[in-house]
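Have a look at the structure below, then the notes.
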Amino acid sequence: MVPFLLKFVDNLTNVYVRFNRKRLKGRTGEDDSRIALSTLYYVLLTICKAMAHFTPFFTETMFQNLQQAVPNSDDSVHYCPFPEIEGQTDKHMDQSVLRMMTVIDLGRNIQEHHSKPLKTPLREMVVVHPDVDFLDDITGQLGKLSGKEICKAMGLVAKEVKSMTQAQILDFEKAGEARFAGHVLALQDIKA
């Protein structure tokens, strides 16, 4: 359970907070900001209750800090009941989000590998994957090919990558690299 909670906290900070920064700071309107902050508060309070058994001192401090924002009837996180599942989950949405996060993580890894600042947005990202459903889940959201020379030939490289057949994709995965518009790209430079 602890690894799942840690992964959740990592996703909360690197996905929800990062992508909702403007909302959380109130730049998209007061009502929208309240909704985003309320959601974050609820999630932090729930994760605090869930982690109380594993990290009692940390969660108690966190709970007391959350109490300052919105007082709760409980004096301690350890008096709170364990959170229960509410509502239903959308398995397709969960899968789509996981797929997008995988692509984002790979994009960050490629940027780090090429010593590119993470705050610098990518112009384009081409994802090659044999599963059409995977590509449908992430279509229109991405950007990445690496290297200065490739950036100059981006259009040609992207066109060749996008026109790959299923057999060519599988060959690319087996070989670990391929040539596009005269540039050799490794699997980690393109694939999600």
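Could you say whether any residue in the stretch 25-40 is under 24 Å from Met100 (Cβ atoms), surrounded by 11 or more Cβ atoms within 10 Å (Cβ to Cβ) and among the basic types (Lys, Arg)? Taking every residue of the stretch 25-40 in turn, at least one turns out to be under 24 Å from Met100 (Cβ atoms), surrounded by 11 or more Cβ atoms within 10 Å (Cβ to Cβ) and among the basic types (Lys, Arg).
For every residue, the table says whether it meets (1) farther than 19 Å from Leu5 by Cα; (2) surrounded by 12 or more Cβ atoms within 10 Å (Cβ to Cβ); (3) among the aliphatic types (A, V, I, L, M).
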site	(1), (2), (3)
Val70	yes, no, yes
Asp75	yes, no, no
Ser96	yes, yes, no
Met101	no, yes, yes
Arg108	yes, yes, no
Lys116	yes, yes, no
Thr120	yes, no, no
Glu124	yes, yes, no
Asp131	yes, no, no
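Taken together, Leu5, Leu12, Leu44 contain a single residue that is more than 28 Å from Leu122 (Cβ to Cβ) and open to solvent by less than 40 Å² (accessible area, probe 1.4 Å), which is Leu5. Going through (1) under 28 Å from His92 (Cβ atoms); (2) at pLDDT 80 or above; (3) exposed (fewer than 11 other Cβ atoms within 10 Å of the Cβ) one by one, Ile169 falls short only on (3).
The values are calculated or read from the model by the stated rules, or taken from the named source; none is laboratory data. None of these values were measured; they are calculated from a predicted model. When we count neighbours, we look across all protein chains shown, and the Cβ atoms used for this are built from the backbone with ideal geometry, even at glycine. Ligands, DNA and RNA are excluded from the accessible area calculation, which covers all protein heavy atoms including side chains. Shrake-Rupley method; radii C 1.70, N 1.55, O 1.52, S 1.80 Å.
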